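Participant: One structure, as structure tokens, below. Some questions next.
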Amino acid sequence: MIRNFKGLGTEIAKIRRKQKLTQGEIAERTGLKQQTISEFENGRPASINTLFLILEALGMELQLTPRGVKEAKKADWLLKMGQK
């Protein structure tokens, strides 16, 4: 579970490396500077727009769940939210 910018940046860096992409390649895909990608991955707060650009470049999406939802109940909650 990601709850802060440091955790988010660490997870984004893991995903990027798993996809064998460099920060420079993500920068090219997003139109952001490589330094911005580096700062983001190191936990520096960024705009929501920056987050969505990076997620799109990685083929990822943001999913929100309420705190305290157990894994077993999370699937039920997600299904209910999808029906609204």
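Participant: Just the residues that are more than 15 Å from ALA57 (Cβ to Cβ) and in contact with a Ser or Thr (Cβ under 8 Å, 6 or more places away or on another chain), please, taken from the range 1-45.
Facilitator: Scanning the range 1-45 gives a single hit, GLY43.
Participant: Can you pull out every residue in the range 1-42 that is among the aromatic types (Phe, Trp, Tyr) and without any contact (Cβ under 8 Å) to a residue 40 or more places away in the chain?
Facilitator: So in the range 1-42, the residues among the aromatic types (Phe, Trp, Tyr) come out as 5, 40.
Within the range 1-42, PHE40 is the sole residue that qualifies.
Participant: Look at the range 8-39 and say how many of its residues are assigned to a helix (DSSP H, G or I) and either polar (S, T, N, Q) or modelled with pLDDT under 95 (or both). Lay out the reasoning, then the answer.
Facilitator: As a first pass, look at the range 8-39 and keep what is assigned to a helix (DSSP H, G or I): 8-18, 23-30, 34-39.
Okay, now just the ones that are also either polar (S, T, N, Q) or modelled with pLDDT under 95 (or both), so 10, 23, 30, 34-36, 38.
Residues that pass the stated criteria total 7.
The values are calculated or read from the model by the stated rules, or taken from the named source; none is laboratory data. If you're wondering where the values come from, they're calculated on a predicted model, not measured in any experiment. Note that we place each Cβ from the backbone using ideal geometry, even for glycine, and neighbour counts take in every protein chain shown.
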